[in-house]
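For reference, the structure discussed in these notes is given below.
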Amino acid sequence: MYLLLACSFILLQTFWMLRGNSAIFFIKYVYGRPELAPIFLGIGFVSVIGNLSVPFLSQRFKNRNVLQFSLVLGVIGQLLLPIPEKMRSVSLLIAGSVIFLIAMGITFTIVFAMLSDTVDYSTKVLGLNETGFLSAVPMIGAKLGMGIGGFLAGQFLAWEQFNAKAAVQCGRTITFTNLAFIWMPIILLAAMIFMMQFYRLDEKELQANKADAAAKVEPKEDVEYDANN
């Protein structure tokens, strides 16, 4: 299961880096509103809402379901962005970004809780006392995803024939910018949603089993000391 999380970390960091590196190109050349860049890039703080909602969501639902919900919410936010030029509005742009960022706040928080669950499961149930190794594998996946995302961002700029001196970019540039900023994240989010169908760990059941095991451990009886013996 921690291998599933490792793969999820790769996908998560890949699209996060790819989207972040192409954001300014999207708002400037695709959306045609460069004056909105400070607002568009500055609303990242709303992800804190997602961070703070995780304790309440995880109390009511399984962590896997919370993660899948956040991924679906992220897809919805992304789908508000590729609207036809005649229908474009600042409200839709900001709304889509806010929904996506809140969703990612949930995602980045819950995956670390799930990582803790998998390490706990491996230690308590499977008897694998390799906490450091089990924790490191998904983190390596995250670093790998950051590298892949950064590499793809550079490659997309090369493929789209971006010209920094041109005031108006060619159609190829617009297509690849949309692909990097909108569609690749949606594809990778969908891949994560599918992968999580195979994540079977129920952290609530694990906690219940641990509580039952602890309750069955009988305390040792105190042995009274007899001074006459």
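Just so it is clear, none of the values below were taken in a lab; they were calculated from the coordinates. Quick caveat: nothing in here was measured; it's all calculated off a predicted structure. Methodologically, a virtual Cβ is constructed for each residue, glycine included, from the backbone with ideal geometry; neighbour enumeration extends over all protein chains shown.
Taking a ≥ b ≥ c as the square roots of the eigenvalues of the Cα gyration tensor of segment 28-94, is the shape rounded (a/c under 1.5), prolate (a/b larger than b/c) or oblate? Prolate, since a/c reaches 1.5 and a/b exceeds b/c. A Förster radius of 25 Å, combined with the Cβ-Cβ distance separating Ala113 from Phe151, puts the computed FRET efficiency at roughly 0.30. With R₀ fixed at 41 Å, the C-beta to C-beta distance from Ile49 to Trp159 puts the FRET efficiency at about 0.70. Here r is the Cβ-Cβ distance between Gln59 and Arg33 and R0 is 45 Å; the resulting FRET efficiency, rounded to 0.05, is 0.65.
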